[in-house]
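Right, one structure below, let's go through it.
The values are calculated or read from the model by the stated rules, or taken from the named source; none is laboratory data. Since this is a predicted model, take the numbers as computed values, not measurements. SASA here: full protein model, heavy atoms, side chains in, ligands and nucleic acids out. Shrake-Rupley method; radii C 1.70, N 1.55, O 1.52, S 1.80 Å.
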Amino acid sequence: MKRTLSVRLFAGLLALTGAWVAYTQTPQGKQAPAQTKAPAPFNLIKIADDLYVIDGGGAGNVAVYITNEGVIMVDDKFEQHFDEIMANIKKVTSQPVKYILSTHYHADHSGGNTRWSSIAEIISTRNAHDGIVQHKQSNAPDNMIPARVTFTQETDLFLGGKEVRAKYYGRGHTNGDAFVYFPALKVLHTGDMFTSATPLIDYPGGGSLVEWTKTLDSVMSDKTLDFDTVIPGHGPVSKKADLLTYRNKAADMRTRVQTLIRQGKNQDDVAKFMTAEYSWQPGSLNMQWSLPGMMTELK
Amino acid sequence: MSRTLIVRLSATFLALGCAWVAYTQAPQGKQQAKQASNKLNKITDDLYEIEGDGGNVAVYITNEGVIVVDDKFEYDFNDIMAKIKSVTAQPVKYVLNTHHHGDHTGSNEHFLPTAEIISTANARKNMIDGKQPGAPRVVFTDETDVFLGGKQVQMRYFGRGHTNGDAMVYFPALRLLHTGDLVAGNSPLIDYGGGGSLKEWAATLDAAMKLDFDTMIPGHGPVGKKADMLTYRNNVEKLRTEVTGMIRQNKSRDEIAKVVEDKYGWAPTGLQFQRGFDGMLAELKR
């Protein structure tokens, strides 16, 4: 299985990277021209007999956990991806989707709530719920629907003899990021606390670069979390070691930017640095959501 | 509303007192052939209480469905549903369990196919350990909120007391708190086998009383006010202090039992003694 997985992952890597770039660079409200480009194709990636990942659409990785009493999903991409997600699930099970655990409030992870909430129980952190209610995402559609059931620290789901755990470890990408753990499979879905790109810090949504690495440290030092495989918010399925690498790169980025700010560089200087060193494009979500907040937080 | 409520409460006080005595005295296993005997009380236009058998049930009506707190014994299911249907056509969407005991979760197995049942992680674990049917599919550790029909209900875990998994259920718009059995009757039933603790109990109530509420639905007994919760809390502390004092004075088990019977109303063969007495002596010795 592992070899098959590796082959698939390498094959899908380029497409995924492209999708992520599309995500971070194109505010959704202004996406009309970008839509004419070929959308990232959907792939169904098998991780275990009962766990699949659906990537594609330029939206967050969906996890599909199959039990004999129904399916538990993690995230539901954009609203327009409903049919494609459903079609992919039906390829591997006839069980209905009973639960969706949301990693955070962004429309590329929770936008599908508008379609799924009538057929499945959606659960998120309280802050993710509030982020949708308060419309904190500047480029989100107006019709977003929050979870009906929320939690602050930890919630566990028991279905068909299987368990899935969602836990909040602290701020980072937003102030309401949940990690979703599949104990029987030693798999962790990180949401956008780990992606194939540099951190996108949603400061208006309560994100924090300073807290980000602390949050990842809490995850990696949690003795109740025994995991090998990591499903990132965007990008290829990875290993625990990749999560550590990502954490270290985030810490390094923070240190470098902080040094510049403390040297008195202004926002334009830092923006040029981020473009040159981290490929943050002018007008991208990184520049809109992360840069001004970093200038304040890292002073 | 308050005057009506007081009249109602006075009228039903005796019956409720009897229900509590029945609860503390009758082990659950022997109750299966019983007929449901309950009464529906209106607290507000959208919140009702069902008293009688087992724990007090709360019924919160929204335009997207009903949220229920606790569901008594298995034999009460049809009666609970009939009482709900007498005030709303909305379906029951959520059942929130305050803790694992069979007089609060007995109808879970009937609700589970059509409603989401939520409890603390420890309450579920206790149900599984006790091989009780109808264990919830969704659990939480600290806090969970249910948002339905523009209304909010909050479940909180504040610490140990009656068991190690007692949730209180807060209705912010109504400034109302369902305490589960952390407030029930006059004197605590400490389920040490279920992780309960007399030492922790008062601190757990203190944390809950920081919530902004006026009306309190106890696990058993009449609907009360926040002040009644404080009275109960002080009675819990009085019990703890007095028993601790007697232990320090090397009073015998029988001497302590007599005080608990006479001053705190524990029935000699009741559940308070069965589940709470030896555990209490052991805990307070430490």
**Request:** Could you give the spread of the C-alpha atoms of the protein assembly as shown along their three principal axes, from largest to smallest, in whole angstroms?
**Result:** 81, 51, 49
**Prompt:** Rg and Dmax of segment B:228-286, using alpha carbons, in Å: what are they?
**Reply:** 11.2, 33
**Message:** Once the cut-off is 23 Å, how many percent of the Cα-Cα pairs in segment B:83-172 end up in the long-distance tail?
**Reply:** 21 percent
**Item:** HN-Hα J in Hz across segment B:81-90 - Karplus 6.51, -1.76, 1.60, θ = phi - 60°, x for Gly and Pro
**Value:** 4, 5, 5, 5, 5, 6, 10, 7, 8, 5
**Request:** Could you let me know the centre-to-centre spacing of segment B:70-108 and segment B:157-222, using Cα atoms, in angstrom?
**Result:** 19 Å
**Prompt:** Over all Cα pairs of segment A:121-189, how is the pair count split among 10 Å bins, expressed in % and running from 0 up to the last occupied bin?
**Reply:** 19, 47, 27, 7, 0
**Prompt:** Within straight cross-link reach of B:K251, meaning Cα distance under 29 Å, which lysines are found once same-chain residues fewer than 8 apart are removed?
**Reply:** B:K199, B:K238, B:K263, B:K285
**Request:** Round to a whole angstrom and tell me the spacing of the C-alpha centers of segment A:225-293 and segment A:126-184.
**Result:** 23 Å
**Asked** If you build a Gaussian network model of chain B, linking Cα atoms that sit under 10 Å apart, which residue out of B:G276, B:G180, B:G130 swings the most?
**Response** B:G130
**Fill in**
If one builds a Gaussian network model of chain B from Cα atoms under 10 Å apart, the most fluctuating residue listed among B:K85, B:K39, B:K210 is B:K210
**Request:** Using all C-alpha to C-alpha distances in segment A:50-178, build P(r) with 10 Å bins and read off the rounded percent in each one.
**Result:** 14, 48, 33, 5, 0
**Request:** Pairs to check: A:K77/A:K239; A:K46/A:K98; A:K240/A:K265; A:K223/B:K131; A:K90/B:K131. Give those whose C-alpha atoms are more than 30 Å from each other in this structure.
**Result:** A:K240/A:K265; A:K90/B:K131
**Complete:** At 10 °C in a medium of viscosity 1.306 mPa s, chain B has a Stokes-Einstein diffusion coefficient, with Rh taken as the Kirkwood radius over alpha carbon pairs, in µm² per second, of 84 µm²/s
**Prompt:** Heavy-atom accessible area of A:E211 with all protein chains present, probe 1.4 Å, nearest 10 Å²?
**Reply:** 60 Å²
**Asked** If one puts a single equal scatterer on every Cα of chain A and applies the Debye formula without solvent, what log₁₀ I(q)/I(0) results at q = 0.06, 0.07, 0.09, 0.15 Å⁻¹?
**Response** -0.17, -0.24, -0.40, -1.17
**Asked** For chain A, modelled as a Gaussian network with Cα springs under 10 Å, which listed residue fluctuates most, A:M86, A:M73, A:M274?
**Response** A:M86
**Prompt:** Mind checking which aspartates and glutamates have their C-alpha under 13 Å from B:K39, skipping anything on the same chain fewer than 8 residues away?
**Reply:** B:E49, B:E51, B:D53, B:D76, B:D79
